[in-house]
Amino acid sequence: MARRRVQSLLILSGLVIAVLCRLQRSLAAVSAVPSPSWPVRRRWFFNAAASAGVAENLPAYAQGIDLGFLDPQAPKDVAVAPSDAEVTSSGLKSKLLLRPTCALSKSIPLTNPSCERPQPWDKVLIDYTGWTPAGKMIDSSRNEKRLVRVNSVMPGWTEGLQMMAPGESRRFWIPPELAFGKTESATSKPTGPLVFDVELYSIERQPKPPAELTAAPQDAVSTPSGLAYKKLKPGTGNRSPGLDSNVTALYNGWSSNGDLVLSTSFGAQDTFFIKEVPVEGLKEALQLLVEGETRRFWIPGKLAFGERAEESRGLPPGVLVFDVRLLSINS
């Protein structure tokens with residue numbers, strides 16, 4: 001009896017420590033929010049889609065505690081999708097577990113126009129758990145919501161998430177060709193068919209990225225430095241800013257993999273001195289614009305954060321694509 005009481009106390013201690021570590025990490029993240037000035041805004045370019053696990057912060061005795069009892073149990077139909085499961089043309093099967101907030105009543109169709117669904121480039125806040133057909137759990141957010149871009153995950157998820165509206169839960173039976181394939185790879189990702197329960201909490205709308213993210217199109221104009229651009233909308237002004245100018249501009253910037261890395265729509269600074277911009281290619285780009293003009297710029301890695309990951313110091317390597325509209329030249 002005493003031994004079981006000690007085991008229970010150890011488990012409870014481990015959970016308390018886990019919560020405290022999460023709280024400490026959250027407070028540290030808040031204190032690390034950058035100031036409004038351009039030079040320290042490199043943090044904006046970090047686009048972490050998921051947080052690290054708790055285990056690395058637990059003391060040795062707590063790490064030795066088996067927390068498997070927290071793992072969600074595999075559903076009874078994990079091996080085979082039921083006959084009433086929906087099937088798409090790609091072979092993805094799914095079943096509605098919880099109706100979305102926009103159509104809680106069965107009298108309201110799921111096709112209700114008020115039921116918003118994500119686009120491939122949007123981000124969604126989700127909970128999920130995945131199993132093999134044998135019932136082995138392979139991954140879980142453990143009720144810690146994750147923010148992911150819809151088209152940055154496995155094809156089965158990309159397709160399935162676009163079927164969902166906020167508040168909805170679905171079970172997906174994903175064939176190998178829409179997951180990680182049939183043969184084992186060096187990444188140790190699970191192969192074969194997979195089953196996932198996914199709950200979608202909210203949609204974070206993102207601007208649609210350009211089609212050409214890795215290289216400028218052939219009809220783009222290039223400058224001697226290697227910066228390329230296309231004019232999207234003519235301006236109303238007749239002068240361009242200089243390096244020392246203070247300007248107000250709107251912009252969206254993407255990395256070559258489609259991540260939105262910097263945007264005035266999501267809190268990035270819109271009024272600044274051009275000389276303080278941390279991206280050399282963007283400094284040059286701003287000086288090419290006249291007031292009211294919008295251009296799309298392809299900034300090569302050598303004018304951004306480097307061509308390769310080892311050069312970029314954690315910032316996105318390679319080409320950056322920016323849509324920039326110059327609103328005004330202030331000084």
Could you run through segment 119-137 and say how many residues are over 11 Å from the mean Cα position of the chain (by Cα), within 26 Å of ASP77 (Cβ to Cβ) and not aromatic (Phe, Trp, Tyr)? 10
Would you be able to say whether some residue in segment 245-253 is modelled with pLDDT of 95 or more, of a type outside the set (S, T, N, Q), within 30 Å of SER114 (Cβ to Cβ) and under 24 Å from the mean Cα position of the chain (by Cα)? yes
Tell me, yes or no, whether segment 218-230 has at least one residue that is among the polar types (S, T, N, Q), in the same structural domain as LYS302 (by TED's automatic domain parsing), touching a residue at least 12 places away in the same chain (Cβ under 8 Å) and not in a loop (DSSP other than H, G, I, E, B). no
Restricting to segment 254-276, name every residue that is aromatic (Phe, Trp, Tyr) and under 16 Å from the mean Cα position of the chain (by Cα). TRP254, PHE266
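Please pick out the residue among SER114, SER222, SER169 that is in contact with an Asp or Glu (Cβ under 8 Å, 6 or more places away or on another chain) and polar (S, T, N, Q).
SER169
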Could you check SER51 against (1) surrounded by 12 or more Cβ atoms within 10 Å (Cβ to Cβ); (2) modelled with pLDDT of 90 or more; (3) assigned to a loop (DSSP other than H, G, I, E, B) and say which number it fails? (2)
If I filter segment 296-331 down to residues being over 20 Å from the mean Cα position of the chain (by Cα) and either of a type in the set (S, T, N, Q) or under 17 Å from SER245 (Cβ atoms) (or both), which single residue comes out as surrounded by the most Cβ atoms within 10 Å (Cβ to Cβ)? LEU326
Is at least one residue of segment 257-278 in contact with a strand residue (DSSP E or B) (Cβ under 9 Å, 6 or more places away or on another chain), assigned to a helix (DSSP H, G or I) and aliphatic (A, V, I, L, M)? yes
Which ones in segment 146-204 are of a type in the set (Phe, Trp, Tyr), surrounded by 16 or more Cβ atoms within 10 Å (Cβ to Cβ) and either over 20 Å from LYS76 (Cβ atoms) or at pLDDT below 95 (or both)? TRP157, PHE180
Take the conditions crowded, with 18+ Cβ neighbours inside 10 Å, assigned to a helix (DSSP H, G or I) and in contact (Cβ under 8 Å) with a residue 24 or more places away in the chain and apply them to LEU282. Does it pass? yes
Which number in (1) in contact with an Asp or Glu (Cβ under 8 Å, 6 or more places away or on another chain); (2) farther than 26 Å from VAL150 by Cβ marks the one condition that GLU291 misses? (1)
Between residues in segment 304-317 that are in a helix (DSSP H, G or I) and residues that are of a type outside the set (Ser, Thr, Tyr) and modelled with pLDDT under 90, which pairs lie under 9 Å by C-beta distance while being six or more apart or on different chains? SER312/PHE45
Does segment 283-290 contain at least one residue that is of a type in the set (Gly, Ala, Ser) and over 28 Å from GLU204 (Cα atoms)? yes
Looking for whichever is charged (D, E, K, R), more than 30 Å from GLU168 (Cβ to Cβ) and touching a Pro at 6+ places or on another chain (Cβ under 7 Å) here; the options are GLU276, GLU280, GLU284. Which one fits? GLU276
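The values are calculated or read from the model by the stated rules, or taken from the named source; none is laboratory data. On a predicted model such as this, the values are computed, not experimentally measured, just so you know. Neighbour counts are summed over all protein chains in view; Cβ atoms, including those assigned to glycine, are modelled from backbone coordinates with ideal geometry.
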